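The values are calculated or read from the model by the stated rules, or taken from the named source; none is laboratory data. Worth saying up front: this structure is predicted, and the values here are computed from it rather than measured. Neighbour counts are summed over all protein chains in view; Cβ atoms, including those assigned to glycine, are modelled from backbone coordinates with ideal geometry. When the accessible area is computed, the model is the full protein with side chains, heavy atoms only, and any ligands, DNA or RNA have been set aside. Shrake-Rupley method; radii C 1.70, N 1.55, O 1.52, S 1.80 Å.
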Amino acid sequence: MSFKKNKFLVIKNIISKEICKFAHDYLLLKKQAAATLFDKGFVSRSNLEWGTWNDSQVNGTYSIYADLVTEVLLERCKPIMEEHLKMKLVPTYSYCRVYEKGSELVPHTDRPSCEFSTTLNLGGDAWPIYLAPNNEINLSPGDMLIYKGCEVEHWREPFTGNVCVQTFLHYNKEGDIKYDYREHLGLPVYTKSKRT
């Protein structure tokens, strides 16, 4: 399958099952810790370093921008991405969601920091992602879908499973929007020098 022609590509087993299990369990624990910290008033709900349930695309679903674990995955997967796409890339940012029953991702395209978007399955119940015009992609834990996020409309139908943990690793061509306008990887969203 040609990425240039189809504007998407699946890489199987880009990370090991052990790393998937670690990241999956870590994000579930972080979600639980964030809920407790917010509910007990230890941390303000505006503290985005602990994540949010106010994601504009999937409201009510726990999500987090640039978690340190997913930022490491962003950097570790870059050479494999470059090998498959035959080009130099810069990482922009990572994002992750812990989807639950009823979650739905409406059809959309991504912002300019997501020239080469990916979704990496970290575990949970199976849940396909759809790419326009008519592609249904099913990923196992450790598999990653690469697609042209700014060009290819993508979505997920309402989730009928219990939980599905996905991280999104975003890249641009070398020299473009490096680190999503942050000084380096690992920094939270409020450190961006330019808002997009």
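Tabulated data for the structure shown
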quantity	calculated
Residue-wise HN-Hα coupling along the range 34-39, computed from phi with Karplus coefficients 6.51, -1.76, 1.60 (Hz; x: Gly, Pro)	4, 4, 5, 4, 5, 5
Burial ranking of peptide ranges 53-59, 70-76 (average Cβ count within 10 Å, highest at the top)	70-76, 53-59
Full-stretch length increase - residue 45, residue 153 - with 0.36 nm per residue and alpha-carbon distance subtracted	35.8 nm
For the range 62-101 and the range 7-45, distance of Cα centres in Å	13 Å
Summed residue charge, Cβ within 15 Å of residue 16's Cβ, Lys/Arg positive, Asp/Glu negative	+1
Listed candidates (i) 1, 7, 14, 17, 18, 15, 11, 8, 5, 3, 1, 0; (ii) 1, 8, 16, 21, 22, 18, 10, 3, 1, 0, 0; (iii) 1, 6, 11, 13, 13, 11, 9, 7, 6, 6, 6, 5, 4, 2, 0 - label of the one calculated as P(r) over Cα pairs in 5 Å bins from 0, in percent	(ii)
Dipole axis of the range 89-196 (+1 Lys, Arg; -1 Asp, Glu on Cβ), positive-most option in 91, 162, 141	91
Area accessible to solvent at residue 49, 1.4 Å probe radius, in Å²	90 Å²
Qualifying trypsin sites (Lys or Arg not before Pro) for the range 95-196 [loop in DSSP, other Cβ within 10 Å: at most 15]	101, 194, 195
Those residues of the range 79-95 whose amide nitrogen sits under 17 Å from the label point placed on residue 193, 7 Å along Cα→Cβ	90-93
Whole-Hz ³J(HN,Hα) from phi, Karplus 6.51 cos²θ - 1.76 cosθ + 1.60, for the range 57-63, glycine and proline x	8, 9, 4, x, 9, 5, 8
Under Karplus coefficients 6.51, -1.76 and 1.60, residue-wise ³J(HN,Hα) of the range 86-103 in Hz, glycine/proline x	6, 7, 7, 10, 10, x, 9, 6, 10, 8, 9, 9, 10, 6, 10, 3, x, 4
Listed residues 35, 11, 107: farthest to the positive end of the dipole of the chain (Cβ charges)	11
Length-normalised contact order for the chain - Cα pairs under 8 Å, 6+ apart - percent	27 percent
